[in-house]
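Worksheet for the structure shown next.
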Amino acid sequence: MQSNPAHSRDAEDRLRLLRSRRVGAVTFHRLLEEHGSAGAALAALPAIARAAGVEGYEICPLGVVQAELDQGRKLGARLLLHGGPDYPQAMQDLPDAPPILWAFGDVGLLNRPAVAMVGARNASSLGVRMARRLALGLSSAGFCVISGLARGIDAAGHAAALEGDGRTVAVMAGGVDVIYPPENAALAAEIAAKGCRISEHPPGLEPQARHFPLRNRIIAGLARAVVVVEAAAKSGSLITARAALDYGREVLSVPGHPFDARASGCNMLIRDGAVLVRSTSDVLEALGAPALSYPEPDVVLAPLPGPEVQSRPLKDVALLHDMILSRLGPSPLAEDQLLRDLKVTPSDLAPELLTLELDGRISRQPGGLLARVS
């Protein structure tokens, strides 16, 4: 990659090729290999399309990619080209490696030893705590934590890595400047300042459903291993795990209660041969990395962003019930921890716990523990 890729002819040609109709990552690399350069592939593309029965094929106009380059430059994002010195070496040889990446932040993190962490958006309190603990330990052990900036496990992993040594990379499903979900805007800004955000899509692109599996392959490709903390039997996290296996990466999984649907995907992975994870030490051992030189703490970090319950209208009571039930699972959780997670006072929480208990939706256990009734 040249020192100023936003003004290079090669960058323009590569973008025009990639943004042309029917050209994805795999086709891009095949065309580049067959024709030697993006410019030569562009020249050949209309004839290739005609031979495939596509009439009137037009390559992406130069003005479109110049606008993309200008927008990226105005945002302060960097363009990384496949094969360039700052492009992630871990993805260099993958058949569907992103031909380009837009990046905000410390691009040096893209070539640090990395572990991906993925899991449920509607994560339980225990799942969030586990994700935070693992991410903090991995970051402190020198690993970069890769995730997708989603709600739940992703956000917990990013936040904890920032609490450690700040080594975290967020792979965006839309443009590198488009924050989804919006509630993670502050976290995304902190990642850009201390870590790195990347996307293969043009700046300004709103994420759509088809973009998330594409994002998940990048998460898997960047990392030496993928750790799944909570995942349902059919979830994007398992797509990431399958991509990791295809790329020859290690897949690790945190076990969960058999009655908790959020753990079913994790338990399936372990049944099928994934490494069982109880702590950061298990991850480090699987990677052949040095063990932590200090006892692994049971960290308590600041709660993740979420709605605050300040008044007691019926809609807020219903919201609090949903928040309580989303944090609880079949595995018991301390009431004190639930208070910290939800950012509510004991006087707000106690009557709603009683209501849910009387409704048979939660159960109390000795030692101030709570569990959700299946």
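Quick rundown of the values:
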| quantity | calculated |
| --- | --- |
| Overall dimensions of the range 151-278 as given by Cα atoms, namely Rg and Dmax in Å | 14.8, 42 |
| Kirkwood Rh and Cα Rg combined as Rg/Rh, the range 5-74 | 0.98 |
| Rounded to 5, percent antiparallel among DSSP beta bridges of the chain | 40 |
| Alpha-carbon centroid distance for the pair the range 223-280 / the range 170-198, whole angstrom | 24 |
| Estimated vicinal HN-Hα couplings, Hz - the range 152-169 in sequence order (Karplus 6.51, -1.76, 1.60; Gly, Pro = x) | x, 4, 4, 4, 4, x, 4, 4, 5, 4, 5, 5, x, 9, x, 8, 8, 10 |
| Segment Phe259-Ser37, length gained on full extension (0.36 nm per residue, minus Cα span) | 74.5 nm |
| Cα-Cα separations in the range 314-372 greater than 18 Å, expressed as whole percent | 21 |
| Given 15 as the ceiling on other Cβ atoms within 10 Å, longest exposed-site-free region of the chain for GluC sites (Glu not before Pro) in DSSP loops | 59-307 |
| Among Leu62, Pro95, Gly39 the positive-end extreme of the charge dipole of the range 32-104 (Cβ point charges) | Leu62 |
| Sites excluded, trypsin sites (Lys or Arg not before Pro) in DSSP loops with at most 13 other C-beta within 10 Å, longest stretch of the chain | 23-209 |
| Length released on extending from Glu163 to Val26, taking residue separation times 0.36 nm less the Cα-Cα span | 45.6 nm |
| For Val254, net neighbour charge (Lys/Arg +1, Asp/Glu -1) across residues whose Cβ lies under 13 Å away | +2 |
| Expected 222 nm ellipticity per residue - DSSP helices of 4 or more, -39500 (n - 2.57), all of the chain, to 500 | -13000 deg cm²/dmol |
| Gyration tensor (alpha-carbon) shape descriptor, the range 31-139, a/c threshold 1.5 | prolate |
| Two-site label geometry, Leu358 and Lys74: point separation in nm, points 7 Å out along Cα→Cβ | 5.8 |
| Compactness relative to 2.2 N^0.38 Å, alpha carbon Rg of the chain | 1.09 |
| Nonlocal amide H pairs with Leu328, under 5 Å, H built at 1.01 Å | Ser125 |
| 0 to 90° range, to nearest 10: angle between helix 314-327 axis and the chain longest Cα axis | 80 |
| Theoretical gain in end-to-end length, Tyr57 to Leu319 [0.36 nm per residue, Cα-Cα removed] | 89.1 nm |
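All of the numbers you see were taken from the coordinates with simple rules; none came from a lab. All values reported here derive from a predicted model rather than from experimental measurement. Cβ sites come from the backbone with ideal geometry, for glycine too, and all protein chains shown count toward neighbours.
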